[in-house]
Amino acid sequence: MSLLCLVWGTAGAAPAPVIEAGQPQPAALMQAFKALEDRFNKLEGQLENQGVLALFNEVEQLKAELAKLKGVQEELVHRLAAAEKRQKDFYTDLDDRLKELAARPTPAATAPVAATPATDAGASEQETKVYQDAFAAIRAGNYQAAIKDFQAFLKAYPNSALASNAQYWIGFSQFSLGDYKATVESHQRLLQLYPDSPKAPDAMLGLARARMQLGETKAAQATLEQIVKQHAGSRAAESAQKLLSTLK
């Protein structure tokens, strides 16, 4: 018979729980469980805090990248607006110049009749005709033909009184075709060969515009400031002042 039965039969009371030797006490078990539970809660809290911290860092990084992209967008919008304004000013100025030229009487019509009639400050009638034929291509918007015709004119009449004008319209046509490097070269050639030409201010303005299109902002600004200083009161200076305002 077991010890439990003997105790029950002897005392006639409810038996006490039997605890085997070496088995932990209930209080000790509860304490150990509580310790494990505390450790679990602590680790869980640490994991949650680390997760929130990582999420916070990621949000801050995204905010920084968003601010950077916003800055780039604002800069691009500003550049686009400035480019559109420059383009509008260019075509307005171009339209005014073409209207002015269209309103002028042709040199041949005003030249006196003579054995060797001369027009446009010394240009012969033949020179004037070739020049006018080339300029007709510009009025028609055929800039490729205009370049070819004015180059032929310069080859045939390198010392003509109209040579600087022909050189200017070559650069003008090249700009209209989007060949900005060639425009720079043509206008620089005019300024080198014909520094006192009435077309010099316009050539400088065309040079500055081409440099702006090429992204050579500092060089363009310097040229525009030179126009305003050296040719104050001219139409080129007025246009240069407008372009300067778009660079600031």
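The table below lists the values:
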{"read-out": "When residues of the range 211-239 are limited to those that are closer than 16 Å to residue 175 by Cα and small (Gly, Ala, Ser), the one nearest to the chain's Cα centre (by Cα)", "value": "215"}
{"read-out": "Residue within the range 167-177 that is within 25 Å of the chain's Cα centre (by Cα) and assigned to a loop (DSSP other than H, G, I, E, B) present", "value": "yes"}
{"read-out": "Selection from the range 209-225 of residues that are surrounded by 14 or more Cβ atoms within 10 Å (Cβ to Cβ), without any contact (Cβ under 8 Å) to a residue 60 or more places away in the chain and either in a helix (DSSP H, G or I) or in contact with a Cys (Cβ under 9 Å, 6 or more places away or on another chain) (or both)", "value": "210, 211, 213, 219, 220, 221, 223, 224, 225"}
{"read-out": "Residues satisfying the stated conditions in the range 169-193, i.e. open to solvent by 50 Å² or more (accessible area, probe 1.4 Å), touching a residue at least 24 places away in the same chain (Cβ under 8 Å) and within 23 Å of residue 136 (Cβ to Cβ)", "value": "177"}
{"read-out": "Selection within the range 153-166 - part of a helix (DSSP H, G or I) and in contact (Cβ under 8 Å) with a residue 12 or more places away in the chain", "value": "153, 154, 156, 163, 164, 165, 166"}
{"read-out": "Residue check for residue 149: at pLDDT below 95, in a helix (DSSP H, G or I) and open to solvent by 20 Å² or more (accessible area, probe 1.4 Å)", "value": "no"}
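The values are calculated or read from the model by the stated rules, or taken from the named source; none is laboratory data. Quick caveat: nothing in here was measured; it's all calculated off a predicted structure. All Cβ positions, glycine included, derive from the backbone under ideal geometry; neighbour counts span all protein chains shown. Each accessible area value is taken on the protein alone, full model and side chains, heavy atoms only, with ligands, DNA and RNA left out. Shrake-Rupley method; radii C 1.70, N 1.55, O 1.52, S 1.80 Å.
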